[in-house]
2 protein chains.
Amino acid sequence: MRSHYCGTLRKEHIDQEVTLCGWVDRRRDHGGVIFLDLRDRDGIVQVVFDPDTEEHFQRADKVRSEFVLQVKGRVRARTESTVNPNMATGEIEVLGKELEILNSSETPPFQLDTHTDVGEDVRLRYRFLDLRRNDIADKLRLRSRITSILRNYLDSNGFLDIETPILTRATPEGARDYLVPSRTHAGKFFALPQSPQLFKQLLMVAGMDRYYQIAKCFRDEDLRADRQPEFTQIDLETSFMDQDEIMAITEGMIRELFQQVLNVDLGDLPRMSYAEAMLRFGSDRPDLRIPLELTDVEDLMQQVDFKVFNGPANDPKGRVAALKVPGGAKLSRKEIDEYTKFVGIYGAKGLAWIKVNELAKGVEGLQSPILKFMPDDIVMQMMERLAVADGDIIFFGADKTSVVNEALGALRVKLGEDLNMIEREWAPLWVVDFPMFEEIDGGWTSLHHPFTAPTCSPEELEANPGAALSKAYDLVLNGTELGGGSIRIHKSDMQQAVFRILGIGPEEADEKFGFLLDALKYGCPPHGGLAFGLDRIVMLMTGAKSIRDVIAFPKTQTAACLMTDAPGVVESKQLTELNIRLRKTEEKQG
Amino acid sequence: MRSHYCGTLRKEHIDQEVTLCGWVDRRRDHGGVIFLDLRDRDGIVQVVFDPDTEEHFQRADKVRSEFVLQVKGRVRARTESTVNPNMATGEIEVLGKELEILNSSETPPFQLDTHTDVGEDVRLRYRFLDLRRNDIADKLRLRSRITSILRNYLDSNGFLDIETPILTRATPEGARDYLVPSRTHAGKFFALPQSPQLFKQLLMVAGMDRYYQIAKCFRDEDLRADRQPEFTQIDLETSFMDQDEIMAITEGMIRELFQQVLNVDLGDLPRMSYAEAMLRFGSDRPDLRIPLELTDVEDLMQQVDFKVFNGPANDPKGRVAALKVPGGAKLSRKEIDEYTKFVGIYGAKGLAWIKVNELAKGVEGLQSPILKFMPDDIVMQMMERLAVADGDIIFFGADKTSVVNEALGALRVKLGEDLNMIEREWAPLWVVDFPMFEEIDGGWTSLHHPFTAPTCSPEELEANPGAALSKAYDLVLNGTELGGGSIRIHKSDMQQAVFRILGIGPEEADEKFGFLLDALKYGCPPHGGLAFGLDRIVMLMTGAKSIRDVIAFPKTQTAACLMTDAPGVVESKQLTELNIRLRKTEEKQG
């Protein structure tokens, strides 16, 4: 039906007869001629109809925005004054000879040809129109390309693409499962997978050696801005590879991706321990584009007669840290109040600060409501440790360690963005040496998942769970966790030790993971793997503001599809077949 | 952890030091030395430990089947008498120097190294062991390769890989949906897609131009041998291409696949109309490997005074057809009785036959219980039409057309197989020119789906729905439908005409497909597409007997996973959150 895509026509096509198909992006009358901007997947070209081709001119006169046309014509150079350097096809135009209207269009509910600001609800309701906008369409095109590059890399590295089930058993990720009632097994339910974790481990037990899958995963959670009920992982697992080898092969994949798509060389990715990341950046996914760091000052604050500081400083679970912001002394009282509110989101009860106006004057040259609570020599020791200069501001966090880290970690990123301190476009790193467990309400919880291998023996692990490190690794880019993984436990005794520490009794373990424990008995190889969030990678690489912009048919924050009106009401006959019924409204209200 | 895969070692590696990882496939003592067959994904190699390496020899002595080992050693030639030509690595062996036991194994519940016949239940329960068997593992490896070839073909032809939702609204395929209760929208349900049909059409409306996806699809049906609750489609859709172009590009894909994987040139695929396929083979997916055809004889039977034949012959909805089987006169009475039972499955009330013993003798040379009911000249006219020869048998079908087609169509295939008449390995073809509708219980039903475009105008369609042909096309291979598709309706008036014929009122249409009807209003391009069943393609190409053999973790015929024990019981708290409850057992029994 066509000889060329609209967007591909260039000077070298001049004098060629072409057949094009596409949508009317814009239609103008000018000097007795009709100009149609014809749009297809590859771009836009200008088509001109003059009254010489009477029948077709008259048709061209009738077309409106978003009509679908087939146009035959001849490519010709534009006159010098009408060349449009902002258009890829701007040096040429097509002199239309024949025009067929393949379909008409009503006036769309919102403009597509400009960056008109439309409410997201309308955009999602008419997603099939929203996707015609170049900025969204480009993102989906790039997503397809990213997927293809990733697959080719994994294919050529011997990974097998293996599908794992969608209708499966509840997985142990800990989020809420989507459930699917079984018709043939009354009263029982499938769960949609939160990840293919157990299946990929079983594929290693099965000797598949290297597995990957671009896998749909599901979590029924209350959605934050960057979450969707269904999301996509690049999921991989290998046998007989140690942590360094797995990190190297996946690092190679990400490097290749950035090279091919963005022509960016990420270089060798630095590695940082979890402990160092928390200490210096208050986060296990530090944004290294921002040249700000936390500095511990609790040793200095232990003696100070100021409860806000000396309390946390003397608490083994507390932390007192300072964040120096060069040039920050210019922040107004009002701006500081805003940042105080901001750290409040993370549980900080206040935000102490010191401005360095003129260091040469000693404490006199500093400005802060808290100076009066601290001896001058402590203050000056701190200034020395922080290597301050005139014009700096120092913010303080003093609280439970987790509160200080979260609050100052977030403040660091916010200040970096607000004060335009971002130094480079891409700052990837590996975070390693995670703790195996964290203590929550007096019990131990896995920091990753219960199949992550520790660096020590089962005996050492049980002797001191809090000290144990895991063979886990996260890949962080610009403060976003792109993905993570670990070496898995491949021996029964270790897996049982972990279950004991987590308080999962033999019965529960057998009930939940019996098949995995079975599998460990029959020659499970050493193995490990990783999963990347594809949506997030695409989001970062396309500069999208929302994950919804890189998904063809996303759901809203209440997990609904405005276009198809899903979820929907179903017939009671269907529920009967599934052996379920709706709860009565009264019960819910009661 | 290793330098080579076991199965890759050859003569050129002789004298190299290698490190291997894998499973003990077999362990033998022989003449004071220990032979270990070490297996990994790529194959098996023989490793020899002799008592010189005392510590490692002793370890080798302890290993059992399915232990996981790391072995260091030197590749050496086997002596001439011990070369094993049946093994890819059979010219060499590895003289083991170091052995590390990476994991032990209990005795597996079934033998893995032989083709021991194990019940499928046990195999599915221990799928992680079953997958270690080479014949199953090979199929999954080939599946991965097939997927990769298909993707590369589609990528290089400008198709974009776009994911469509799994949590969606009921699709109109007509089978039973799997439902997912919504937590945030009480009383409402998502459906898992039976296919991405509507989404891919909307992607065309969105201007994506060429879409593909290797898509999971779901149908909650009572399972036949070759069905699974979740299955995989190669799903594609294009804009601005006519039927011939779409068939050409997908035919190219299948041809490329067979060329690359099996080194088979399928050549140009023949095309056959639905009408011809039904007439000659009684099936719209004829197995052309079998050189048997149906021949209509109803004109001859209209006058015959034999009710079994002249009834259907005079019924416009009846058919009388003959199936000539060369060499079939040797079939015994007992065998014929079996075939009579066989056609009974398809509703045939009997199976008349004539054996041609000695044609030169005329009717005297024929043998059949039905000859007495037919005039000799009619019989001989029929013999002439069928061009019979001595030794042939002719079977007859006389009934409603659909019964005759199904019964003789199936009999044709069965006889072809039983009598070893299969002429070639691969017989692909396109079936085209399907009817738009079939009449069921006095109403019209779409033969494909309600979005399939007819070859005529809306007016002609409504004037005579029964005569209308569609722009649908199925690709058939060896009697199996690999996939099919159609040009879709892209204009509102046509879509509404089809809905009217199907008895779908405006309200129901709006309720079910409102968003599609909306989309047709805003410049929907001419488009069409196709979906192939990936599982079936892999099954045919690997010669698998069951679809379960080409799926890593399949479900049983009652839609259960014996390994993970899914579906499972869930906590009542979860159901409460989902606003549903189980039906009481009494209610079900009541």
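The values are calculated or read from the model by the stated rules, or taken from the named source; none is laboratory data. Everything numeric here is computed off the predicted structure, so don't read it as measured data. Virtual Cβ from ideal backbone geometry, glycine too; neighbours counted across all protein chains shown.
Looking at (1) under 23 Å from residue B:291 (Cα atoms); (2) free of Cβ contacts under 8 Å to residues at least 60 places away in the same chain, which is the only condition residue B:349 fails?
Of the numbered conditions (1) under 23 Å from residue B:291 (Cα atoms); (2) free of Cβ contacts under 8 Å to residues at least 60 places away in the same chain, the odd one out for residue B:349 is (1).
Could you count how many residues in region A:203-225 are part of a loop (DSSP other than H, G, I, E, B), within 9 Å of chain B (Cβ to nearest Cβ) and crowded, with 20+ Cβ neighbours inside 10 Å?
The total comes to 5.
In this structure, is residue B:66 surrounded by 15 or more Cβ atoms within 10 Å (Cβ to Cβ), in contact (Cβ under 8 Å) with a residue 24 or more places away in the chain and within 14 Å of chain A (Cβ to nearest Cβ)?
Here the answer is yes, as residue B:66 does meet what is asked.
Within region A:310-352, track down each residue that is farther than 23 Å from residue A:275 by Cβ, aliphatic (A, V, I, L, M) and surrounded by 13 or more Cβ atoms within 10 Å (Cβ to Cβ).
A:325, A:329, A:331, A:336, A:351, A:352
Taking region A:480-499 only, how many residues are surrounded by fewer than 19 Cβ atoms within 10 Å (Cβ to Cβ) and either farther than 28 Å from residue A:515 by Cα or touching a Phe, Trp or Tyr at 6+ places or on another chain (Cβ under 6 Å) (or both)?
Total satisfying the criteria: 2.
Tell me, yes or no, whether region A:90-107 has at least one residue that is in contact with a Pro (Cβ under 9 Å, 6 or more places away or on another chain), at negative phi, more than 14 Å from every other protein chain (Cβ to nearest Cβ) and at pLDDT 95 or above.
There is at least one residue in region A:90-107 that is in contact with a Pro (Cβ under 9 Å, 6 or more places away or on another chain), at negative phi, more than 14 Å from every other protein chain (Cβ to nearest Cβ) and at pLDDT 95 or above.
Do you know which residues across region A:234-250 are surrounded by fewer than 20 Cβ atoms within 10 Å (Cβ to Cβ) and over 18 Å from residue A:454 (Cα atoms)? Walk me through how you get there before you give the answer.
The first filter runs over region A:234-250 and keeps only residues surrounded by fewer than 20 Cβ atoms within 10 Å (Cβ to Cβ), leaving A:242-245, A:248-249.
Passing the criteria: A:248, A:249.
Among the residues of region A:234-278, what is the count of those that are in a helix (DSSP H, G or I), over 30 Å from residue A:524 (Cα atoms) and not small (Gly, Ala, Ser)?
Start the filter on region A:234-278 by keeping residues that are in a helix (DSSP H, G or I), which leaves A:243-262, A:274-278.
Checking which are over 30 Å from residue A:524 (Cα atoms) leaves us with A:255-262, A:275-278.
Narrowing further to those that are not small (Gly, Ala, Ser): A:255-262, A:276, A:278.
Final tally of qualifying residues: 10.
Please give the number of the condition residue A:565 fails out of (1) touching a strand residue (DSSP E or B) at 6+ places or on another chain (Cβ under 9 Å); (2) farther than 27 Å from residue A:213 by Cβ.
(1)
Identify the residue in region A:379-409 that is within 28 Å of residue A:345 (Cβ to Cβ) and either β-branched (Val, Ile, Thr) or over 36 Å from the mean Cα position of the chain (by Cα) (or both) and, among all such residues, is surrounded by the most Cβ atoms within 10 Å (Cβ to Cβ). Quick ask: steps written out before the conclusion?
First, the residues of region A:379-409 that are within 28 Å of residue A:345 (Cβ to Cβ): A:382, A:386, A:388, A:391-409.
Right, trim to either β-branched (Val, Ile, Thr) or over 36 Å from the mean Cα position of the chain (by Cα) (or both) and you get A:382, A:388, A:393-394, A:401, A:403-404.
Numbers: A:382: 19, A:388: 21, A:393: 23, A:394: 23, A:401: 19, A:403: 19, A:404: 28.
The selected residue is A:404.
Within region A:501-587, which helices (runs of 4 or more DSSP H) (wholly inside it) include 2 or more residues that are touching a residue at least 60 places away in the same chain (Cβ under 8 Å) and within 10 Å of chain B (Cβ to nearest Cβ)? Before you say what the answer is, go through the steps one by one.
On the way: elements: A:506-521, A:534-542, A:572-577.
Ranges flagged: A:506-521, A:534-542.
Mind listing whichever residues of region B:296-327 are over 22 Å from residue B:384 (Cβ atoms), of a type in the set (D, E, K, R) and not in a helix (DSSP H, G or I)?
Scanning region B:296-327 gives B:315, B:317.
Can you find even one residue in region A:419-428 that is without any contact (Cβ under 8 Å) to a residue 24 or more places away in the chain, in a loop (DSSP other than H, G, I, E, B) and closer than 23 Å to residue A:294 by Cα?
Within region A:419-428, one or more residues are without any contact (Cβ under 8 Å) to a residue 24 or more places away in the chain, in a loop (DSSP other than H, G, I, E, B) and closer than 23 Å to residue A:294 by Cα.
Using the structure shown, decide if residue A:477 is crowded, with 22+ Cβ neighbours inside 10 Å, under 20 Å from the mean Cα position of the chain (by Cα) and either more than 30 Å from residue A:495 (Cβ to Cβ) or of a type in the set (S, T, N, Q) (or both).
The answer is yes for residue A:477.
If I ask for residues that are β-branched (Val, Ile, Thr) and more than 14 Å from every other protein chain (Cβ to nearest Cβ), which ones from region B:489-500 would you list?
Listed by number, the list holds a single entry, B:498.
Of all residues in region B:226-247, which are farther than 30 Å from residue B:556 by Cα and within 13 Å of another protein chain (Cβ to nearest Cβ)?
Selection gives B:237, B:238, B:239, B:240, B:241, B:242, B:243, B:244, B:245, B:246.
Of the conditions (1) buried (at least 22 other Cβ atoms within 10 Å of the Cβ); (2) closer than 30 Å to residue B:580 by Cα, residue A:176 clears all except one; give me its number.
(1)
Give me a count of the residues in region A:279-295 that are more than 21 Å from the chain's Cα centre (by Cα) and in a helix (DSSP H, G or I). Before the answer, list the steps.
The first filter runs over region A:279-295 and keeps only residues more than 21 Å from the chain's Cα centre (by Cα), leaving A:279-280, A:291-295.
Checking which are in a helix (DSSP H, G or I) leaves us with A:279-280.
Of the residues in region A:279-295, 2 are more than 21 Å from the chain's Cα centre (by Cα) and in a helix (DSSP H, G or I).
In region B:431-446, which residue that is of a type in the set (Gly, Ala, Ser) and not in a loop (DSSP other than H, G, I, E, B) is nearest to residue B:174 (Cα to Cα)?
Among them, the one singled out is B:446.
Any chance region A:447-464 includes a residue that's of a type in the set (A, V, I, L, M), part of a strand (DSSP E or B) and surrounded by fewer than 17 Cβ atoms within 10 Å (Cβ to Cβ)?
Among the residues of region A:447-464, not one is of a type in the set (A, V, I, L, M), part of a strand (DSSP E or B) and surrounded by fewer than 17 Cβ atoms within 10 Å (Cβ to Cβ), which makes the answer no.
Output the residues belonging to region A:144-182 that are under 20 Å from the mean Cα position of the chain (by Cα), more than 8 Å from every other protein chain (Cβ to nearest Cβ) and at negative phi.
Those that are under 20 Å from the mean Cα position of the chain (by Cα), more than 8 Å from every other protein chain (Cβ to nearest Cβ) and at negative phi: A:145, A:146, A:149, A:150, A:173, A:175.
What is the one condition in (1) of a type in the set (Phe, Trp, Tyr); (2) buried (at least 20 other Cβ atoms within 10 Å of the Cβ); (3) within 26 Å of residue A:17 (Cβ to Cβ) that residue A:57 does not satisfy?
Condition not satisfied by residue A:57: (2).
Look through A:124, A:95, A:160, A:142 and report the one residue that is outside the structural domain of residue A:513 (by TED's automatic domain parsing) and buried (at least 20 other Cβ atoms within 10 Å of the Cβ).
Sole residue among the options that is outside the structural domain of residue A:513 (by TED's automatic domain parsing) and buried (at least 20 other Cβ atoms within 10 Å of the Cβ): A:160.
Is at least one residue of region A:190-202 assigned to a strand (DSSP E or B), within 23 Å of residue A:538 (Cβ to Cβ) and facing chain B (nearest Cβ under 9 Å)?
no
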